[in-house]
Amino acid sequence: MESAFDTKRPPATSNASIVTKIIAGSVYSDGTIAAGHGFGVVQEQTGLYVVTFDTPFEFLFGGSATQAYSGSNGQGGSTLDNAIIVILSNSEAKIKTGDGQGNATDRDFTFIFVGHGK
């Protein structure tokens, strides 16, 4: 099975010059950044976005992405509408958003990635 992760593992000993790093943001369905800094976004195709970190992580531990639903007067949408991370590396993440039938669809989303870096 092919892995979505292409990240380095941290060394067995700690390095005092490496600190915990967090990059988080919100992105509109057209690929425009709504909030956050330290990254850029390119919409490659319908429902597929590449988030590139301005400064790559030394070691990326993991992250999460989810659709940001804004309709139904705060009652929420379908839990089948969502966002997934399809590729994750120390320098970028590819995020796919979709509708309730599993079709790639442009959606607002949020993300957070945590690791070590400068």
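In the condition set (1) touching a Leu at 6+ places or on another chain (Cβ under 9 Å); (2) of a type in the set (Gly, Ala, Ser); (3) buried (at least 18 other Cβ atoms within 10 Å of the Cβ), GLY102 is compliant with all but (3). Is it the case that some residue within the range 45-64 is acidic (Asp, Glu) and either surrounded by 13 or more Cβ atoms within 10 Å (Cβ to Cβ) or at pLDDT 95 or above (or both)? Yes: the range 45-64 contains one or more residues that are acidic (Asp, Glu) and either surrounded by 13 or more Cβ atoms within 10 Å (Cβ to Cβ) or at pLDDT 95 or above (or both).
In this structure, does LYS94 turn out to be of a type outside the set (Gly, Ala, Ser), modelled with pLDDT under 95 and out of contact with any Pro (no Cβ under 7 Å at 6 or more places or on another chain)? Steps first, please.
Numbers: of a type outside the set (Gly, Ala, Ser): yes; modelled with pLDDT under 95: no; out of contact with any Pro (no Cβ under 7 Å at 6 or more places or on another chain): yes.
No; evaluated as a whole, the condition is false for this residue.
The values are calculated or read from the model by the stated rules, or taken from the named source; none is laboratory data. Model, not experiment: these values are computed from the prediction. All Cβ positions, glycine included, derive from the backbone under ideal geometry; neighbour counts span all protein chains shown.
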